[in-house]
Every structure is written in C-alpha cells, then in structure tokens.
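Structure record follows, encoded as structure tokens.
The values are calculated or read from the model by the stated rules, or taken from the named source; none is laboratory data. Just so it is clear, the structure is predicted and the values come from calculations on it, not from any experiment. Don't worry about glycine lacking a Cβ; one is built from the backbone with ideal geometry, like all the others, and counts go over all protein chains shown. Side chains included, ligands, DNA and RNA excluded: accessible areas come from the protein's heavy atoms. Shrake-Rupley method; radii C 1.70, N 1.55, O 1.52, S 1.80 Å.
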Amino acid sequence: MGEQDGALHVVVGIDGSPSSHAALRWAVQYAELIGGGVVAVAAWELPWAYGWSASAVDPTFGRTIAERGLVNQVHQVLGESGAAQVRKRLVQGHPVEVLLREAEGADALVVGGRGVGGFRRTLLGSVSQQCALHATCPVVIVRGTVEVTDSITQAE
C-alpha cells in the first residue's frame, strides 16, 4: 500500500519502456522541487494469472527476475547515487491496480505515456489512461521523447 506517514512523496511506474524511464527522471526532478521522496513501483504477475498455462514454475523465480529488473532499470536511468535515493517497490498484481493503490496518499503519480504493451500507434497507453481516470492524486504522463533537464543547469 502507498506511504501514509504524511511525508511528501511521488510514485512513479516502471515497466522497462523508454517512457517509464523518462517518467522516472521527471519524478526525481519534481520530488527535488517539492522536497519529497520518490517511490519507483513495478508490477509483476504470474504467467498463469490470466489463463496462460505453463509447466511447474517456482513463483519466486519470476519475482526474483522482476525485482532484479526494477533495480537494474533504476540504476541504468539514474546511476548509482541517484538510484540510492529512490525507494523501489515490486508489487504483485495488475499494473493499474498496483499503481492506483501505491499512489494513495502520494503527492503525484508519474507514468510513461506508452509502456511495453499495446499498439505502436496509440498515443496514450491503457495503464496511463486508467491511472489518469481513477487516481486519487494528480497524475503526470510523460512521453518517452521528452528530455528532462537539470533545473540547476537551467538557472545558471
């Protein structure tokens, strides 16, 4: 569940897509402006959760791979020192449900404009659209082509 301690925080959805990486960079910049923290959230699901049948698989194996992927993505986007400042959460469930639940009490939910699924021509991904419609906090949708610049560099 989302953080409820009253501290300012921004939740950002991570799915490995370029737009989620841009969303992570945006969330870090915004959190710096408001003096809050960042919680990077990734959702993971068991392959058979939607009727796909597989041979016997250790369910912790999928979680381990997903957890490693989340950590690696945050490090790849922010570097070692930046990644150390971000809280990482891997939650089992559908991405929309997970992000909405994690964003309860957040100052903002930041998602990429189009994730790893869907059709190439869609302008807005289904997860970002559902989050925008149902979140209880402000939602920022970041497109993968948008560059986020350092606010300190801009001021100089």
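Quick notes on this structure:
- Packing rank of 8-17, 88-97, where each peptide gets the mean count of other beta carbons within 10 Å, highest leading: 8-17, 88-97
- Exposure check, 1.4 Å probe, all protein chains in place: residue 81 carries approximately 90 Å² of accessible surface.
- Other residues with beta-carbon under 9 Å from the beta-carbon of residue 92 carry, at +1 per Lys or Arg and -1 per Asp or Glu, a net charge of 0.
- Two-site label geometry, residue 76 and residue 60: point separation in nm, points 7 Å out along Cα→Cβ: 2.6 nm
- Amide H partners (placed H, <5 Å) of residue 92, local residues excluded: 44
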